[in-house]
Amino acid sequence: MQLRPEQPTDAPAIASLVAQAFAGTPHSAGTEPAIVRELRAAGALTLSLVAVDGAEGLVGHVAFSPVTIAGRAGRWYGLGPIAVRPSRQRAGIGARLMDEGLARLRALGAEGCVVLGEPAYYGRWGFAVHEGLAYPGVPPEYFMGLAFAGPVPRGEVAYHAAFSATG
Ligand SMILES: CC(C)(COP(=O)(O)OP(=O)(O)OC[C@H]1O[C@@H](n2cnc3c(N)ncnc32)[C@H](O)[C@@H]1OP(=O)(O)O)[C@@H](O)C(=O)NCCC(=O)NCCS
């Protein structure tokens, strides 16, 4: 298993993998492949990491993109979407993408990262709910932050406009 940043030729396989992984998941509107595509088109894929298995090809993917907090752009990023091929889930690939993705994000000079998702999953990397770090429209326990440097900012978080992509 190799983890590496995406290459231009990976784009179709990433779209297909992300679509497969999110198909039928309860909180998905099916827009995740479009989000990744639009982030890439906007030059806002700060980090797009793929997991490649020699025999099977692409088996996992994670994206990071800039967020604003209280309307200000800084060095905070949003994690997601993250996707593992359904037949290969629960075998540690997601965890490897998380470890490597966060390490690379930190090395790029990020001050922190936010994620919207399952507290039990993301908590193991130190993501936690922080009062004042808010994302409107979702139950607060599902929106978490992780500071690499400095304090956790206060304010409403906004993802890149590509997260409104619909298809
Ligand atoms: C979420 C996802 C990326 C995790 O990747 P993965 O390779 O399956 O995860 P890992 O094998 O690294 O999981 C590590 C742990 O997380 C937990 N976990 C993983 N998937 C889980 C799930 N669907 N439900 C609950 N717990 C889960 C398990 O506790 C697992 O530990 P275990 O090995 O002791 O069972 C993957 O399941 C996926 O693509 N899901 C569909 C898309 C999605 O929902 N993405 C997240 C929202 S952005």
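The values are calculated or read from the model by the stated rules, or taken from the named source; none is laboratory data. What you see is a predicted model; the values in this text were computed from it and never measured. Every residue, glycine as well, gets a Cβ built from its backbone with ideal geometry; the counts of neighbours run over all protein chains shown. Surface areas here come from the heavy atoms of the whole protein model, side chains and all, with no ligands, DNA or RNA. Shrake-Rupley method; radii C 1.70, N 1.55, O 1.52, S 1.80 Å.
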Residue in the range 91-99 that is open to solvent by 60 Å² or more (accessible area, probe 1.4 Å) and either over 14 Å from the mean Cα position of the chain (by Cα) or under 30 Å from Glu131 (Cβ atoms) (or both) present: yes
If you go through the range 82-92, how many residues are more than 7 Å from the ligand (Cβ to nearest atom) and of a type in the set (S, T, N, Q)? 1
Being within 14 Å of the ligand (Cβ to nearest atom), under 18 Å from Phe163 (Cβ atoms), among the aliphatic types (A, V, I, L, M) and at pLDDT 95 or above narrows Ala95, Ala63, Ala42 down to just Ala63
State whether the residues of the range 31-39 include one that is under 14 Å from Arg85 (Cα atoms) and of a type in the set (S, T, N, Q). no
Using beta carbons and a limit of 8 Å, which pairs, at least six apart or on different chains, have the first residue in the range 114-130 and within 7 Å of Met144 (Cβ to Cβ) and the second one open to solvent by 70 Å² or more (accessible area, probe 1.4 Å) and in a helix (DSSP H, G or I)? Pro119/Glu141; Pro119/Tyr142; Val129/Pro140; Val129/Glu141
Quick check: anything in the range 30-40 more than 22 Å from Ala149 (Cα to Cα), of a type in the set (Ser, Thr, Tyr) and loosely packed, with under 15 Cβ neighbours inside 10 Å? no
Out of the residues in the range 115-140 that are open to solvent by less than 70 Å² (accessible area, probe 1.4 Å) and of a type in the set (A, V, I, L, M, F, W, C), which is nearest to the ligand (Cβ to nearest atom)? Val115
